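Following: one structure in structure tokens, then a few remarks.
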Amino acid sequence: MLISPIARDVTARRIRTRILQSGSGSPLVLIHGFLSNHHTFDDVVPSLARSFQTVTIDLPGTGESEKPPPSRFDYSIEAFAEVVTDVIAALQIGRCHVVGHGLGAAIALALASEHPEFVDHLILVSPEIYSGPPPPLTRIMRMPLAGRFLFKQVLGRSLFHSLYLKHQYAPGHIVQSERIDSYYGPFIEPAARESAFAVLRAQLDMRPSIARLSRIKSRTLVLWGRADRRLIAEYAPRLVRQLQLAQLEYIETGHTPHEEKPDLFVASLERFILGERS
């Protein structure tokens with residue numbers, strides 16, 4: 001019988017960070033993407049917990065974690081990776097498998113590059129590494145004044161839902177509004193909006209993430225949704241070529257395979273990690 005996830009707070013980089021633990025077995029750390037939180041993995045954790053000890057993190061500025069001002073935490077990929085490192089050390093789980101989605105994949109790459117001793121298998125889900133031409137609204141959001149105004153004053157529940165549906169899921173995918181509300185709810189806080197804007201600004205230059213690719217020694221699975229409307233799927237083979245020990249698998253989804261096809265997602269992870277041991 002599966003044990004319900006246990007929530008606890010860990011101090012990482014002097015930031016109160018919410019984590020959820022479930023299951024037993026080799027540790028599997030899951031890192032969410034931009035404007036999301038641990039709820040993005042709700043549909044896969046119960047199944048993964050049969051084979052792994054899952055550790056799901058709310059990154060600083062999101063979900064139930066502390067939302068420090070940018071003057072105290074710079075919201076860069078490198079800073080997030082150090083938070084994850086502190087979480088792993090605090091839990092004393094040692095070497096683990098790491099799953100990162102979207103921005104979380106860039107964070108997972110930084111972790112694997114700077115702290116390879118912690119990373120066994122690496123799973124990159126629709127990784128946000130390469131910078132294609134951003135949509136007009138994203139360009140506005142990244143502007144110092146206009147973007148801050150949009151994040152703080154304009155991005156209400158209706159627009160948030162609309163943008164999330166458009167960019168995260170494949171056309172025609174049905175998602176419960178409660179799921180998107182689980183992301184929007186914490187975003188209502190002014191501190192969370194300031195944090196999200198800082199994250200967006202920190203992603204303007206992804207060259208450091210690209211430079212890390214050749215240094216990754218972990219076995220890596222790249223999972224990419226064929227109907228991803230946020231990142232073009234043609235980036236996937238390019239990414240795999242730049243990694244030393246990587247394989248590519250497409251799933252017939254949009255940007256969030258773990259939400260849209262959770263059973264296929266779990267099967268892919270278990271085949272990749274556990275299949276090598278059988």
Completion exercise
Here the residues within the range 69-78 that are surrounded by fewer than 20 Cβ atoms within 10 Å (Cβ to Cβ) and of a type outside the set (S, T, N, Q) are Pro69, Pro70, Arg72, Asp74, Glu78
Problem - Residues that are buried (at least 19 other Cβ atoms within 10 Å of the Cβ), small (Gly, Ala, Ser), more than 14 Å from Asn37 (Cβ to Cβ) and in contact with a helix residue (DSSP H, G or I) (Cβ under 8 Å, 6 or more places away or on another chain), drawn from the range 171-209 - result: Ser209
Handout entry: All positions within the range 250-269 that are exposed (fewer than 15 other Cβ atoms within 10 Å of the Cβ) and either hydroxyl-bearing (Ser, Thr, Tyr) or in contact (Cβ under 8 Å) with a residue 12 or more places away in the chain (or both)
Key = Glu252, Asp263
Practice task
Tell me, yes or no, whether the range 236-245 has at least one residue that is out of contact with any Cys (no Cβ under 7 Å at 6 or more places or on another chain), crowded, with 19+ Cβ neighbours inside 10 Å, at negative phi and outside any helix (DSSP H, G or I).
Solution key: yes
Handout entry: Top-ranked residue in the range 1-42 [being in contact with a His (Cβ under 8 Å, 6 or more places away or on another chain) and without any contact (Cβ under 8 Å) to a residue 60 or more places away in the chain; ranked as surrounded by the fewest Cβ atoms within 10 Å (Cβ to Cβ)]
Key = Arg18
Exercise for the section: Look at Arg179 and say whether it is over 14 Å from Pro127 (Cα atoms) and of a type in the set (Lys, Arg). Expected result: yes
Completion exercise
Of the residues in the range 252-278, those that are modelled with pLDDT of 95 or more and not in a loop (DSSP other than H, G, I, E, B) number 16
Completion exercise
Log entry, pairs with first residue in the range 88-109 being modelled with pLDDT of 95 or more, second being of a type in the set (Asp, Glu) and outside any loop (DSSP other than H, G, I, E, B), beta carbons closer than 6 Å, six or more apart or on different chains, reads Arg95/Asp120; His97/Asp120
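Residues are listed down the side, and each one gets a yes or a no for (1) touching a strand residue (DSSP E or B) at 6+ places or on another chain (Cβ under 8 Å); (2) of a type in the set (Val, Ile, Thr); (3) closer than 30 Å to His167 by Cα; (4) not in a loop (DSSP other than H, G, I, E, B):
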{"residue": "Leu20", "(1), (2), (3), (4)": "yes, no, yes, yes"}
{"residue": "Val29", "(1), (2), (3), (4)": "yes, yes, yes, yes"}
{"residue": "His39", "(1), (2), (3), (4)": "no, no, yes, yes"}
{"residue": "Thr54", "(1), (2), (3), (4)": "yes, yes, yes, yes"}
{"residue": "Lys67", "(1), (2), (3), (4)": "no, no, yes, no"}
{"residue": "Tyr75", "(1), (2), (3), (4)": "no, no, yes, no"}
{"residue": "Ile88", "(1), (2), (3), (4)": "yes, yes, no, yes"}
Exercise for the section: Go through the residues of the range 201-212 one by one and say whether even a single one is assigned to a helix (DSSP H, G or I), in contact (Cβ under 8 Å) with a residue 60 or more places away in the chain and hydroxyl-bearing (Ser, Thr, Tyr). Expected result: yes
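The values are calculated or read from the model by the stated rules, or taken from the named source; none is laboratory data. No experiment lies behind these values; they were computed from the predicted model shown. Because the Cβ atoms are built from the backbone with ideal geometry, glycine has one as well, and the counts that use them run over all protein chains shown.
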